[in-house]
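Structure first, then comments.
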Amino acid sequence: MKKAVKLSLFMLLAFSLVLAACGNNSSNTAATTGGDSEGTAATSDIKIAMVTDTGGVNDKSFNQTSWEALQALEKEQGVTVKYLQSKSEADYQPNLNQFVKDGYNLTWGIGFALESALGEIAKQNPDSNFAIIDAAVDAPNVESVLFSENEGAFLVGVVAGKMTKTNKIGFVGGMDSPTIKKFEVGFKAGIEAANPDAQFTAVYASGFDKPDEGKSAAATLYNDGADIVFQAAGGTGTGVFNEALDRKNQGQEVWVIGVDKDQSIEFGTEITLTSMIKRVDVAIKTVSQQVIDGTFKGGTITTLGLKDDGVGIADTSNVNVPQEVLDEVQSYKEKIVNGEIKVPAE
């Protein structure tokens, strides 16, 4: 195993994402293929693919962010990009293997659920390159990217602790797993730091593709008096937003904290208090660029946290969060970065 690195992805991004001349950007539900039409980069021979977890490519969360990052690379670099969507765990290995058979230069596994399947396929195909988000696969042909979700979750926990009016705050996780647990634990720690009197309740769904379960979980939390719910649930989180919107339309003052990307863009600032950002897009583009440049570093594990700008809060947070609260968030961020505060992860 090569030495784990911290800053390499972001440093490399600054120097390696070179915009070329113009090419093509055509897409469908499965793939986007580089070309030479007006408006994008010249065609490349590089092919990069990704396999989603069961949350699907339109999860409004990290699968979607990953696919958007590959589409941006297609437009900028002219590479061929494609995805396969997994409907169940049984699809993981066949989907990964399909891209190996089709000669793709890099295949991404999006999410910790693909760890075992990607590890096995990588072992069987040592001459193929792989990368994975949210899991560490010990193989010389795999780059693994992890995030300090607990640190970003701490910051939105501070927001929730300062802004709750009922002193009851909830969390909905897509699945009870070590990765999602980091969101929960960090969020709870942020709440406790900002408002020790607030009550916290966590509810877990059975998967990341269960919006009905997300809606039901949110209803339970709101019925119990919570006025702010943080969801880290992929497609299941859509149900949390839907429940909150239903209540908002009935005059109830409730909020959702989004995850992975700025979810106010999708669901609106009238219901999205803030979002915890997880820069999966930067990781996807940077490692993919290594393949384009011929500098792919298999066998590495990179963990991105607050000090790397790998996690944080949405730029639009000031729409609903008062400046004095944002100033306090910034103060906590600085203390985490300089080591004064160590955010728990489990």
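The values are calculated or read from the model by the stated rules, or taken from the named source; none is laboratory data. Being a predicted model, the structure only gives us computed values, none of them experimental. All Cβ positions, even for glycine, are placed from backbone atoms using ideal geometry, and neighbour counts span all protein chains on display. When the accessible area is computed, the model is the full protein with side chains, heavy atoms only, and any ligands, DNA or RNA have been set aside. Shrake-Rupley method; radii C 1.70, N 1.55, O 1.52, S 1.80 Å.
Taking amide H positions as modeled 1.01 Å from N, with prolines and chain starts lacking one, the residues under 5 Å from Trp108 and 5 or more places away or on another chain are Ala49, Met50, Val51, Ala131.
For the stretch 47-147, with only Lys/Arg (+1) and Asp/Glu (-1) charged at the beta-carbon, what is the dipole magnitude about the Cα centre, in debye rounded to 20? Kindly include the intermediate steps, with their values, before the conclusion.
Numbers: 7 positive and 14 negative charges, 56 e Å.
That gives the stretch 47-147 a dipole magnitude of about 260 debye.
Within the assembled protein chains, the solvent-accessible surface assigned to Glu340 is about 130 Å², based on a 1.4 Å probe. Estimated at the nearest 10 Å², the accessible area of Phe183 is 10 Å² with a 1.4 Å probe.
Using only C-alpha positions, report the orientation-averaged shadow area of the convex hull of the stretch 54-107, nm², one decimal.
Values: hull surface 15.2 nm².
If I average the Cα hull's projected area over directions, I get 3.8 nm².
A simple charge model with +1 on the Cβ of Lys and Arg, -1 on the Cβ of Asp and Glu and nothing else charged puts the dipole of the chain at about 420 debye relative to its Cα centre. Post the alpha-carbon centroid distance, the stretch 275-316 to the stretch 108-143, in whole angstrom. The stretch 275-316 and the stretch 108-143 have Cα centres separated by 16 Å. The residues of the stretch 47-147 have, on average, 34 Å² of accessible surface per residue, using a 1.4 Å probe with all protein chains present.
Accessible surface ranking for Ser116, Ser216, 1.4 angstrom probe, highest first: Ser116, Ser216. Remark: C-alpha extents of the chain on the principal axes read 56, 41, 40 Å, sorted largest to smallest.
Near Lys297, which aspartates and glutamates are there with a Cα under 15 Å away, not counting those fewer than 8 places off in the same chain? Cross-link targets: Asp127, Asp138, Glu143. Local charge for Pro322 was computed over the other residues whose Cβ lies under 15 Å away, with Lys and Arg +1 and Asp and Glu -1, and equals -1. Maximal additional length on extending the Ser88-Asp127 stretch stands at 11.3 nm, based on 0.36 nm per residue less the C-alpha distance. Using a ≥ b ≥ c from the Cα gyration tensor of the stretch 47-147 (square roots of the eigenvalues), is it rounded, prolate or oblate, where a/c under 1.5 gives rounded and otherwise the larger of a/b and b/c decides, a/b for prolate? Cα axes put the stretch 47-147 in the rounded bin.
Share of the chain's accessible area from carbon and sulfur, percent, 1.4 Å? Can you show the working numbers first?
Working: 6620 of 14170 Å².
Within the chain, the accessible surface is 47 percent carbon and sulfur.
Model label points for Asp309 and Thr201, set 7 angstrom from Cα along the Cα-to-Cβ axis, are 3.9 nm apart.
Between the beta carbons of Glu192 and Asn318, assuming R0 = 25 Å, the FRET efficiency works out to 0.55 to the nearest 0.05. Taking 0.36 nm per residue of separation and subtracting the current Cα-Cα distance, fully stretching the chain between Asp293 and Asp138 would add 53.5 nm. Our estimate of slack between Glu253 and Ser331, defined as 0.36 nm per intervening residue step minus the Cα-Cα distance, is 25.3 nm.
Hull surface divided by four, with the convex hull built on the Cα atoms of the stretch 229-332: how many nm²?
Values: hull surface 33.2 nm².
Projected over every direction and averaged, the Cα hull of the stretch 229-332 covers 8.3 nm².
Which order do Trp108, Trp255 take when ranked by solvent-accessible area (1.4 Å probe, heavy atoms of all protein chains), largest first?
Details: Trp108 0, Trp255 40 Å².
Listed by decreasing accessible area, they come as Trp255, Trp108.
A cut-off of 5 Å between modelled amide H atoms, ignoring neighbours fewer than 5 places along the same chain, links Ile313 with Ile277.
The mean sequence distance of close C-alpha pairs (under 8 Å, at least 6 residues apart), as a share of the length of the chain, puts its relative contact order at 19 percent. Taking all protein chains together, Arg279, Arg247 sort by accessible area into Arg279, Arg247, largest first [probe 1.4 Å].
Annotation: amide H of Trp255 within the under-5 Å range of Ile228, Val229, sequence separation 5 or more or interchain, hydrogens built in the peptide plane.
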